[in-house]
Amino acid sequence: MTQRWRRISHGTSLRGSDTIFITLPFNTVKAALLAALENFFQEGVEHTKERELLHSDGKQSAEKQTLNWKISIDPVKLKHHELREKMRNVQVSQLVEKNNEIEAKMQARAIALSKNLKIPVKGNYGIWRKDHSYTRVDSTLKLMRDQIIMGEVYASIAKSKDETKLYGMIMTRIKDSREVIKRATLDALSYNQAKELGRILSVAKEKFYDCFLVARKLRAMVQSTEQSNNAEKAKAAFLTQLVAKTLPKPIHCLSLQLSNDYYLQGYAKEKTLNLDRLENPSLFHYAIFSDNVLATAVVVNSTVSHVKEPEKHVFHVVTDKLNFAAMKMWFLVNSPADATIEVLNIDNFKWLNSSYCPVLRQLESTEVKDYYFKAGHPSTVSDGDDSLKYRNPKYLSMLNHLRFYLPEVYPKLDKVLFLDDDIVVQKDLTPLWSVNLQGMVNGAVETCKESFHRFHTYLNFSDIMIKQNFDPNACGWAYGMNIFDLKEWKKRNITGIYHRWQSLKADRMLWKLGSLPPGLITFYNLTYPLDRSWHVLGLGYDAEVNSTEIENAGVVHYNGNYKPWLELAFPHYKGYWSKYVNFANPYLQLCNNGEI
């Protein structure tokens, strides 16, 4: 039965239907509660006894039944029962009569226990607790962002209903909240701003709330946001590719200064030293094809710094006509001690012409020029971001395809270590010449640790020729550091295989753009897997390459758009490259304004 207490105030007449509240002293309430608890317990005991009596043998008297009930209780259990009752009474007394000191101790104990718990969901639980008495900055900022979204919804509704005053108030608060979020710091003013926007949103909700209308506005906002997001992604991809293929001002300045001095100071008449070493197959030969002077210098410097006998190491650098003078000049005045550097101009390779080289014929065709340079070309548009990457001029340069003609470039050599210009050498690479390639032509590090580096990623297996000749799950491998057996190359006519597939790919539908897919095809079943520690990739696109792998790598490769000489470079990787740049060099001092 529910009873209602009614408060009686002076001068108030009572009616039967009135609800009255009576205010009593605390001690009176406490005594009443204790008495009620005692009566309730006593009634429970008596009720239990009565049930025992009713179910006992009818021949026994009521007194004998009561005696048997008492005797049936085990003395140990009875003692435990009494102790529990005593502890319960003490706890009830403490809860009723607790003072500030007891409350503080209990709260401190609860906080200490809670810190040992591992709660998977983070949150602000029990705001009255001392250890959770603060407001999380990130959750408050998230609240303000959510407020802005709903504010835009109600502002749109208010504007459509000509509620200009409320519209103006909402937009003002939204603007203020955005300023707070932009600062990414919270203070008392920020909290007040969140409260103000919340108050105005409450007013707008009461006035305009319509579930269907709000849902429609939110759907429109989602669609608009998705379109804006896609547009920003496309813009970011374009700008990233633009920066990636743009030569920084200091490096451009370096090339100009070197070229100027090469011709004006008479260095053009200088002849290459140690000509006998250039074709000596018993030495260690490196091939570097690049138009970037500083990047090539880092590759050479980092390699020489780790070898024991630099006089046995020969670097064959091939560049284009535009950068030949600068590259030649740099190594004339900055040649590493004892090592031999040869710089060649690719335009002087008369055998490399369109009648011999299929890819050169394709690059000179009108169709390919339209594909790469004509705005809005259908193929370019349909290929999307992937096309942007390969519209970089380096993919149109024969320097990028010269790797398929190594025996023609170095006819008297037996083995050559090919190095890209975006790598840094961290160990002595001479053991690579001793690796038994087991009859293979190419020694490379495989990249099939991830599924997306298998053949099906690069080749078009919907084409019957690709499907019949290659395994879609075959491991891919990396260009950048490759040991090539040129004797085996000639024996197996690797260049001929390359020419055959390039001729078949006149419409570019057999594989993706770039030089790796034709390399995978050309050296299919002819690549020997090197230990992964020789070549660690990803420093040009992956911000989380394992640091232990980087430290133990023979070569680290900045493959990707974030080259170490660009502002895009990941700061935590840049040191591996920059430590091989001599910033005290006069040419770098002249051109570098702290931008490299």
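Please count how many residues of the stretch 399-444 are under 34 Å from the mean Cα position of the chain (by Cα), among the charged types (D, E, K, R) and either assigned to a loop (DSSP other than H, G, I, E, B) or not assigned by TED's automatic domain parsing to the domain that holds Phe324 (or both).
5
Only one residue in Asn460, Asn561 is over 20 Å from Leu396 (Cα atoms), modelled with pLDDT under 95 and touching a helix residue (DSSP H, G or I) at 6+ places or on another chain (Cβ under 6 Å). Which one?
Asn460
If you check every pair at least six apart or on different chains, which have Cβ atoms under 8 Å apart with a residue in the stretch 317-346 that is assigned by TED's automatic domain parsing to the domain that holds Ala295 first and a residue that is part of a loop (DSSP other than H, G, I, E, B) and among the basic types (Lys, Arg) second?
Sorted first by the residue in the stretch 317-346, then by its partner, the pairs are Asn345/Lys321; Ile346/Lys321.
Look at Gln241 and say whether it is surrounded by fewer than 21 Cβ atoms within 10 Å (Cβ to Cβ), more than 30 Å from the chain's Cα centre (by Cα) and polar (S, T, N, Q). Can you show your working first?
Details: surrounded by fewer than 21 Cβ atoms within 10 Å (Cβ to Cβ): yes; more than 30 Å from the chain's Cα centre (by Cα): no; polar (S, T, N, Q): yes.
Taking the combined requirement at face value, the residue does not satisfy it.
Six or more apart or on different chains, Cβ atoms under 6 Å: show the pairs whose first residue is in the stretch 159-180 and more than 17 Å from Lys207 (Cα to Cα) and assigned by TED's automatic domain parsing to the domain that holds Asn192 and whose second is in a helix (DSSP H, G or I) and β-branched (Val, Ile, Thr).
Between residues of the stretch 159-180 that are more than 17 Å from Lys207 (Cα to Cα) and assigned by TED's automatic domain parsing to the domain that holds Asn192 and residues that are in a helix (DSSP H, G or I) and β-branched (Val, Ile, Thr), the close pairs are Arg173/Ile200; Ile174/Ile148; Ser177/Ile148.
Identify, from the list Val203, Val222, the residue that is surrounded by 12 or more Cβ atoms within 10 Å (Cβ to Cβ), assigned to a helix (DSSP H, G or I), β-branched (Val, Ile, Thr) and at pLDDT 80 or above. Let's see the steps before the verdict.
Working: Val222 fails: surrounded by 12 or more Cβ atoms within 10 Å (Cβ to Cβ).
Within the list Val203, Val222, the selection yields Val203.
Restricting to the stretch 264-297, name every residue that is without any contact (Cβ under 8 Å) to a residue 12 or more places away in the chain and among the small types (Gly, Ala, Ser). Steps first, please.
So in the stretch 264-297, the residues without any contact (Cβ under 8 Å) to a residue 12 or more places away in the chain come out as 264-266, 269, 271, 275-276, 282.
Answer for the stretch 264-297, where residues must be without any contact (Cβ under 8 Å) to a residue 12 or more places away in the chain and among the small types (Gly, Ala, Ser): Gly266, Ser282.
Being part of a helix (DSSP H, G or I), closer than 24 Å to Cys448 by Cβ and touching a helix residue (DSSP H, G or I) at 6+ places or on another chain (Cβ under 6 Å) is the filter here, so list the residues in the stretch 495-517 that pass it. Quick ask: steps written out before the conclusion?
Restricting attention to the stretch 495-517, the residues satisfying the condition of being part of a helix (DSSP H, G or I) are 495-504, 516-517.
Imposing the further condition that a residue be closer than 24 Å to Cys448 by Cβ reduces the set to 497-498, 501, 516-517.
Listed by number, the residues that qualify are Ile497, Tyr498, Trp501, Pro517.
On the basis of being touching a Leu at 6+ places or on another chain (Cβ under 8 Å) and either buried (at least 21 other Cβ atoms within 10 Å of the Cβ) or at pLDDT below 65 (or both), does Ala326 make the cut?
Details: touching a Leu at 6+ places or on another chain (Cβ under 8 Å): yes; either buried (at least 21 other Cβ atoms within 10 Å of the Cβ) or at pLDDT below 65 (or both): yes.
Answer is yes for this residue.
So for the stretch 574-595 (the condition being in contact with a Ser or Thr (Cβ under 8 Å, 6 or more places away or on another chain) and aliphatic (A, V, I, L, M)), does at least one residue qualify? I'd like the intermediate steps shown before the answer.
Keep residues of the stretch 574-595 that are in contact with a Ser or Thr (Cβ under 8 Å, 6 or more places away or on another chain), which gives 580.
Of the ones still in play, those that are also aliphatic (A, V, I, L, M) are none.
No, the stretch 574-595 contains no residue that is in contact with a Ser or Thr (Cβ under 8 Å, 6 or more places away or on another chain) and aliphatic (A, V, I, L, M).
Evaluate the stretch 352-364: report whether one residue or more is small (Gly, Ala, Ser), in a helix (DSSP H, G or I) and at pLDDT 70 or above.
Within the stretch 352-364, the subset small (Gly, Ala, Ser) is 354-355.
Now drop any that are not in a helix (DSSP H, G or I), which leaves none.
The answer is no; no qualifying residue exists.
Going by what's in this entry, would Asp471 be described as in the same structural domain as Val317 (by TED's automatic domain parsing) and either buried (at least 16 other Cβ atoms within 10 Å of the Cβ) or part of a loop (DSSP other than H, G, I, E, B) (or both)? Explain how you work it out, then say what you get.
Details: in the same structural domain as Val317 (by TED's automatic domain parsing): no; either buried (at least 16 other Cβ atoms within 10 Å of the Cβ) or part of a loop (DSSP other than H, G, I, E, B) (or both): yes.
Criteria not met by Asp471.
Looking at (1) of a type outside the set (Lys, Arg); (2) closer than 30 Å to Leu254 by Cα; (3) outside any loop (DSSP other than H, G, I, E, B), can you tell me which one Trp489 breaks?
(2)
Of the conditions (1) in the same structural domain as Tyr576 (by TED's automatic domain parsing); (2) under 30 Å from Pro431 (Cβ atoms), Tyr458 fails just one. Which one is it?
(1)
Please work out which residue is surrounded by the fewest Cβ atoms within 10 Å (Cβ to Cβ), limiting yourself to the stretch 481-538 and to residues that are free of Cβ contacts under 8 Å to residues at least 60 places away in the same chain and small (Gly, Ala, Ser).
Filtering first and then ranking leaves Gly496.
In the list Ser451, Ser434, which residue meets the criterion of being modelled with pLDDT under 95 and among the small types (Gly, Ala, Ser)? Outline the logic, then answer.
On the way: Ser434 fails: modelled with pLDDT under 95.
The conditions single out Ser451.
Looking only at the stretch 221-269, count every residue that is of a type in the set (A, V, I, L, M, F, W, C) and closer than 30 Å to Leu590 by Cα and tell me the total.
Going residue by residue through the stretch 221-269, those that are of a type in the set (A, V, I, L, M, F, W, C) are 221-222, 231, 234, 236-239, 242-244, 247, 251, 253-254, 256, 258, 264, 268.
Going one step further and asking which of them are closer than 30 Å to Leu590 by Cα, we end up with 239, 242-244, 247, 251, 253-254, 256, 258, 264, 268.
So the answer is 12.
The values are calculated or read from the model by the stated rules, or taken from the named source; none is laboratory data. All values reported here derive from a predicted model rather than from experimental measurement. Glycine gets a Cβ as well: all are built from the backbone with ideal geometry, and neighbour counts include every protein chain shown.
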